[in-house]
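The values are calculated or read from the model by the stated rules, or taken from the named source; none is laboratory data. Please read these numbers as outputs of a predicted model, since none were measured by experiment. A quick note on method: Cβ atoms are made from the backbone with ideal geometry, for glycine too, and the neighbour counts reach across all protein chains shown. Ligands, DNA and RNA are excluded from the accessible area calculation, which covers all protein heavy atoms including side chains. Shrake-Rupley method; radii C 1.70, N 1.55, O 1.52, S 1.80 Å.
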Amino acid sequence: MAPKPGKHTPYFELVDAQSMAGCPICRLVYKATDRYLDALLYEAVLDPTVRAKLKDAHGFCEEHVEMLQRQPGRALGVALIYRDTLKELLQTLGGARVRSRRLLSWGARRASSPTAERLSAARPCPACEIAATTERDYVSLLLAHLSDDALYAAYVAGEGLCLPHLVAAVRGARDADTLRRLVEPQTARYEHM
């Protein structure tokens, strides 16, 4: 059994998030992703390693592009990211050989086309990777400390977890007491609804 993680800043953020509207894990994932995007645009957009990673991912997914648009004063950083991505996509499309001017069998060839493979991102959205890691870490932290009175009291008083995070937590629960402490307050919330 892994040692119980200490009570550091993430623990206290998790306790505090219980008192806010909505799923605390969702809130903390959004906060971490927003911080990542802000830091990236503020200080890392010129880093060649970061730029290569973003180019391989073809930028960000739709959800995180939306978040980028809400970052004030960062238009230049966003433009630099997408300049690299668009250049690569243009090179790929420019190098594609068109076998026929007619696109009669476009749908049948699309899945196996070398051009389609080169147009596909080589890695997932970097912000999605941050979100997934943050989600996993906070669910694990919740489970590790659900026996603590302060966190449990905040969890009981809060609005609880959204269904995807509840499922992740139930899957991660390693003992009957943790599962009980996780499920009982959520069951009471559902019954109240």
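At-a-glance table
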{"read-out": "Area accessible to solvent at C26, 1.4 Å probe radius, in Å²", "value": "60"}
{"read-out": "Alpha carbon centroid spacing (whole Å) that separates segment 20-90 from segment 113-134", "value": "13"}
{"read-out": "Cut-off of 10 Å, at most 16 other beta carbons, DSSP loop: longest stretch of the chain lacking such trypsin sites (Lys or Arg not before Pro)", "value": "103-173"}
{"read-out": "CD proxy at 222 nm, helix term only [per DSSP H run n ≥ 4: -39500 (n - 2.57); per residue of the chain; nearest 500]", "value": "-21000 deg cm²/dmol"}
{"read-out": "Of every Cα-Cα pair in segment 109-193, the percent that sits beyond 17 Å", "value": "58"}
{"read-out": "Contact order normalised by residue count of the chain, Cα under 8 Å, 6+ apart, percent", "value": "36"}
{"read-out": "Most to least accessible of S113, S140, S19 (protein chains only, probe 1.4 Å)", "value": "S19, S140, S113"}
{"read-out": "Listed residues L151, L179, L93, most fluctuating in the chain (Gaussian network, C-alpha, under 10 Å)", "value": "L93"}
{"read-out": "For the chain, accessible area per residue (1.4 Å probe, heavy atoms of protein chains only), Å²", "value": "64"}
{"read-out": "Alpha-carbon gyration tensor eigenvalues x 5, square-rooted, for the chain, Å", "value": "42, 21, 15"}
{"read-out": "Carbon/sulfur fraction of accessible area - the chain, other protein chains in place, 1.4 Å, %", "value": "58"}
